[in-house]
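Reviewing the structure listed below.
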Amino acid sequence: MSQARIPGPLLALAAAGLLLFLVPLAALIVRAPWDQVGPELVAPETTTALGLSLFCSLTATALALILGVPLALLLSRTTGTVRAVLRALTTLPMVLPPVVGGVALLLAFGRRGLAGAPLYTAFGIQIPFSTAAAVIAETFVAMPFLVIAVEGGLRALDHRYEESARALGAGAWKVFARVTLPLLRPAIFSGAVLCWARALGEFGATITFAGNLPGRTQTVPLAVYVALETKPEGAIVLSLILLAVSLAILVGLRDRWLGA
Amino acid sequence: MSLHAEVVVRRNGFALDVRLDVDEGETIAVLGPNGAGKTTLLRALAGLIAIEGRVELDGEVLDDSKAGRHVPTERRRVGLVFQDHVLFPHMSVLHNVAFGLRGDSMRKARDWLGRAGLLEMADRMPGELSGGQAQRVALIRTLATQPRLLLLDEPLSALDVSVRAETRRELSRRLAAFEGVRILVTHDPLEAIALADRLVVMEQGKVVQQGTPADVTARPRSRFVADLAGVNLLRGRAHHDHVELDGGGTLAAPDAGEGEVLAVIHPRAVALYLARPEGTPRNVWRATAEELDLQGDRVRVRLGGAVPLVAEVTPGAVRDLHLDRGDQVWAAVKATEISVYRA
């Protein structure tokens, strides 16, 4: 098949678009203080932020799995208006500016918040500016990626597997645990990886809702932001780490994303 | 054990309205063109879709829309076998068979596989089986749960021709040994005749004909069945010794009776001539040979004209007539070769 030629001006615009991606990434690699990467990696501020980031993002992913898979199941079984509303609700955090998400979380779980006030008066629990807040913020922003991936997997699933299981006498729980869940494994896996990547990079909602407390809520993106003012080499090294993780995910999931 | 079902399903402009009674030890084959509602009927009997009406199996009411009763699929004890096996791809053959079993399920699954001669496949994954093997395992997986109602949805049509005959023989043996109610959906007349005691022909959501295979093919009531039986089916209005055909033209037939009738003409009873034949045949039409199709030692000739027919002649006759596509011929049928019955 012969395709129509792309007009010259469009090619130039496409090249400009590519450069917009390429130049910053190249700059990050070219300007990296490669001789300081070793010491910076083991510096206490770096390891603390890295450890916290890993903990928060993995916990957020686990939380998203526990809540998101059932949510995807519910989404895939509903139709019409209910589905439209549920879908809008679950995908909103994907398009919402994260900082708005952070403000909303603060208003919900803050000490005087909608849900936060009763929590504080009844149990003395304060969520904002704690590690738990960082986890919640990351879950809020990242879970939609998992839900969308799993829902897509559910829609692509041949429903006759579940029907066969039912005809063989399996109740709802057995069908889910022994048939649906195992068959969804690829979708759950790629959804979880996407979710984790988004949680790892979370900045806006975290800094608004959880603050920027080293060792408690200062994850890697927050540490990068702070270090850029005081110690740019550290910021660059941390950025390189995040870039490496993103690249690894892209390569690892390329078959699923970019088509074989 | 018997089944009495009145099933009405309406959705997206399609309406299924079927009454089905199956006796103990009877195998029913549900036949019909695509979109007739065969699979919808099976899914309704399996409890996978909501229906209006009533389904009673072995004295137990499984569905009764008036009483608001609906027994979910998992508690119906129905066996469902699909066109392609639908074995769980993430489980071994043994675990697939054990899935529906209770209490010491592994040993029971091994027993079932052993009796079916499939034990050496116990540890294989479904992806490693051939189509025929997978379908045999799927059948065993279903039979092992000892269902009261066995629903088979085109169980052989996904198989290669080479293994279909063998799998059909095995299916036939297993159906004979199975004590519940057996319903087979198929579009393959050979499969239906080989496996079923009674044919139920569906078209556009309704049962248009049912009876033994011999009855149904001898007196088709629809074009679909006529095509299955390979005969010509004409519809018209009888007036004593002739039939005014709905498509135009007249058919001479002794003792045709009065009223709406169907007429069956076997293709072998249609003779072809280059010149208008003299003598006994009173049914003679001008026709165009629209298509010639060699089938075994016969040639089927599709004729266009006032009365569209299919004729079956020998290759020698085609040679003698110098018959080719588009040629004009005379088609003749003896009145005594026409079977006329009430529509």
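The values are calculated or read from the model by the stated rules, or taken from the named source; none is laboratory data. Please read these numbers as outputs of a predicted model, since none were measured by experiment. All Cβ positions, glycine included, derive from the backbone under ideal geometry; neighbour counts span all protein chains shown.
Of the residues making up segment A:168-176, at least one is within 14 Å of chain B (Cβ to nearest Cβ), in contact (Cβ under 8 Å) with a residue 24 or more places away in the chain and more than 14 Å from the chain's Cα centre (by Cα). Residue pairs whose Cβ atoms lie under 6 Å apart, sitting 6 or more positions apart in sequence or on different chains, and linking a residue in segment B:1-13 that is under 17 Å from B:R43 (Cα atoms) to a partner that is in a loop (DSSP other than H, G, I, E, B) and not basic (K, R), are B:V7/B:I51; B:V9/B:I51. Of all residues in segment B:128-167, those satisfying the criterion of being more than 13 Å from chain A (Cβ to nearest Cβ) and surrounded by fewer than 18 Cβ atoms within 10 Å (Cβ to Cβ) are B:E128, B:S130, B:G131, B:S157, B:D160, B:V161, B:S162, B:V163, B:A165, B:E166.
State all residues of segment B:225-278 that are hydrophobic (A, V, I, L, M, F, W, C) and outside any strand (DSSP E or B); if no residue qualifies, say none.
B:V225, B:A226, B:L228, B:A229, B:V231, B:A269, B:L274, B:A275
When you check A:E163 against the structure, is it acidic (D, E), more than 23 Å from the chain's Cα centre (by Cα) and either crowded, with 22+ Cβ neighbours inside 10 Å or in a helix (DSSP H, G or I) (or both), yes or no? So A:E163 passes the test. For segment B:83-127, give me each residue that is surrounded by fewer than 15 Cβ atoms within 10 Å (Cβ to Cβ), within 14 Å of chain A (Cβ to nearest Cβ) and without any contact (Cβ under 8 Å) to a residue 24 or more places away in the chain. Listed by number, the residues that qualify are B:R102, B:G103. Checking segment A:142-151 against the condition returns a match, with at least one residue being in contact (Cβ under 8 Å) with a residue 24 or more places away in the chain, away from every other protein chain (no Cβ under 14 Å), assigned to a helix (DSSP H, G or I) and under 30 Å from B:A98 (Cα atoms).
Run down B:A238, B:A253, B:A226, B:A289 and say which single residue is within 25 Å of the chain's Cα centre (by Cα) and at negative phi. Every option except B:A226 fails the conditions.
Residues to consider are A:I125, A:I66; find the one that is assigned to a helix (DSSP H, G or I), β-branched (V, I, T) and under 26 Å from A:G211 (Cβ atoms).
Working: A:I125 fails: assigned to a helix (DSSP H, G or I).
Going through A:I125, A:I66 in turn, just one is assigned to a helix (DSSP H, G or I), β-branched (V, I, T) and under 26 Å from A:G211 (Cβ atoms): A:I66.
Among the residues of segment B:243-259, those that are more than 18 Å from B:V231 (Cα to Cα), in contact with a strand residue (DSSP E or B) (Cβ under 6 Å, 6 or more places away or on another chain) and charged (D, E, K, R) comprise B:E244, B:E258.
Of the residues contained in segment A:32-49, one or more are found to be modelled with pLDDT of 90 or more, aliphatic (A, V, I, L, M) and within 28 Å of A:T208 (Cβ to Cβ). Residues in segment B:1-52 that are within 14 Å of another protein chain (Cβ to nearest Cβ), touching a strand residue (DSSP E or B) at 6+ places or on another chain (Cβ under 9 Å) and outside any loop (DSSP other than H, G, I, E, B): B:T39, B:T40, B:L42, B:R43, B:A44, B:L45. Considering only segment A:64-86, how many residues are under 19 Å from A:L157 (Cα atoms) and either surrounded by fewer than 12 Cβ atoms within 10 Å (Cβ to Cβ) or free of Cβ contacts under 8 Å to residues at least 40 places away in the same chain (or both)? Residues meeting the conditions: 6.
When you scan segment B:151-182, how many residues do you find that are hydrophobic (A, V, I, L, M, F, W, C), touching a helix residue (DSSP H, G or I) at 6+ places or on another chain (Cβ under 7 Å) and in contact (Cβ under 8 Å) with a residue 40 or more places away in the chain?
Taking segment B:151-182 first, the residues hydrophobic (A, V, I, L, M, F, W, C) are B:151-152, B:156, B:158-159, B:161, B:163, B:165, B:171, B:175-178, B:181.
Now restrict to residues that are touching a helix residue (DSSP H, G or I) at 6+ places or on another chain (Cβ under 7 Å): B:151, B:156, B:158-159, B:163, B:171, B:175, B:178.
Checking which are in contact (Cβ under 8 Å) with a residue 40 or more places away in the chain leaves us with B:151, B:158, B:175.
Counting residues in segment B:151-182 that are hydrophobic (A, V, I, L, M, F, W, C), touching a helix residue (DSSP H, G or I) at 6+ places or on another chain (Cβ under 7 Å) and in contact (Cβ under 8 Å) with a residue 40 or more places away in the chain gives 3.
Which ones in segment B:265-292 are closer than 13 Å to B:A331 by Cβ and among the hydroxyl-bearing types (S, T, Y)? Passing the criteria: B:Y273, B:T288.
Among the residues of segment A:152-164, write down those that are of a type in the set (D, E, K, R) and within 14 Å of chain B (Cβ to nearest Cβ).
First, pick out the residues of segment A:152-164 that are of a type in the set (D, E, K, R): A:155, A:158, A:160, A:162-163.
A:D158, A:R160, A:E162, A:E163 - these are the residues of segment A:152-164 that are of a type in the set (D, E, K, R) and within 14 Å of chain B (Cβ to nearest Cβ).
Restrict the check to segment B:272-290 and report whether at least one residue is under 30 Å from B:I193 (Cα atoms), among the small types (G, A, S) and in the same structural domain as B:I338 (by TED's automatic domain parsing).
Going through segment B:272-290, the residues under 30 Å from B:I193 (Cα atoms) turn out to be none.
For segment B:272-290, residues under 30 Å from B:I193 (Cα atoms), among the small types (G, A, S) and in the same structural domain as B:I338 (by TED's automatic domain parsing): absent.
Return yes when A:L238 is touching a residue at least 12 places away in the same chain (Cβ under 8 Å), more than 12 Å from every other protein chain (Cβ to nearest Cβ) and under 24 Å from A:S53 (Cα atoms) and no when it is not. Yes.
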